[in-house]
1. Could you give the nm distance between label points at N158 and W20, where each point is 7 Å from its Cα heading toward the beta carbon?
2. With volume of the Cα convex hull per residue in Å³ in mind, check (i) 148; (ii) 133; (iii) 113 and report the label derived from this structure.
3. With each pseudo-label sitting 7 Å past Cα toward Cβ, what's the L119-K134 distance in nm, one decimal?
4. How much length is gained if the chain between L104 and M149 is pulled fully straight, taking 0.36 nm per residue apart and subtracting their Cα-Cα distance, in nm to one decimal?
5. Out of segment 95-150, which trypsin sites (Lys or Arg not before Pro) are coil in DSSP terms and have no more than 14 other C-beta atoms within 10 Å?
6. For a quick check: with amide H placed at 1.01 Å from N, whose amide H comes under 5 Å from T25's, ignoring anything fewer than 5 positions away on the same chain?
7. With θ set to phi - 60° and the Karplus curve 6.51 cos²θ - 1.76 cosθ + 1.60, what are the ³J(HN,Hα) couplings of segment 139-147 in order, to the nearest whole Hz, using x for Gly and Pro?
8. In sequence order, what are the phi-derived ³J(HN,Hα) couplings for segment 103-108 according to the Karplus relation 6.51 cos²θ - 1.76 cosθ + 1.60 with θ = phi - 60°, rounded to whole Hz, with x for glycine and proline?
Amino acid sequence: MNHYIYTPLSEPIPISVQVWPEGTTPLVSTSTLSYNHKPFIRDCLDGILMQKTTFPIRIVVFDVCSTDGTREIVMEYKAKYPNLFVTVLLPQNTYGKPERREALKPYFEARGVAKYIALCEGDDYWINPLKLQKQVGFLEKKTDYSMSMHNALRLKRNGGKETIMKPT
């Protein structure tokens, strides 16, 4: 069983400037799958990095052999924030292949050390800097809940928006 031992910060600050002792287990792992998401991946990673929390975070990105420059962008972020990022970069695309399950193991292991996993696909992004703080706060108080969610919008190419998820 994992132990999530850390002293919470007195107030939420951006995870990009947090400093935790070596070996601190993250309370939350973000989980990003990417494949040829070059037009979107910076917004995705910046939305994660702008999160303000009182607890440690790990950013886990799994790239399925992107060919459009996505991988290079992910590596740029890892180089800038080496203590936050864990990247799993496949040498070949395993989508739809039997070896996919085996290829995903390091990704699942990297994110599985945290108590909570927050999904954000490579072509999605978060706009509320307190998203994780609010969701973890809720889950820590409501221990009979196993997940939380928030509104989601689909941005259309013509500039319109469509609500695709709305919690009750």
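1. 4.5
2. Label of the calculated value: (i).
3. 2.0
4. Roughly 13.8 nm would be gained on extension.
5. Answer in residue order: K142.
6. Result for T25 returns I5.
7. 5, 5, 7, 9, 5, 7, 9, 10, 7
8. Once rounded to whole Hz, the list reads 5, 7, 3, x, 5, 5.
The values are calculated or read from the model by the stated rules, or taken from the named source; none is laboratory data. Note that the structure is a prediction, hence the values are computed from the model and not measured. A quick note on method: Cβ atoms are made from the backbone with ideal geometry, for glycine too, and the neighbour counts reach across all protein chains shown. Quick note on the areas: whole protein, heavy atoms, side chains included, nothing else; ligands and nucleic acids left out. Shrake-Rupley method; radii C 1.70, N 1.55, O 1.52, S 1.80 Å.
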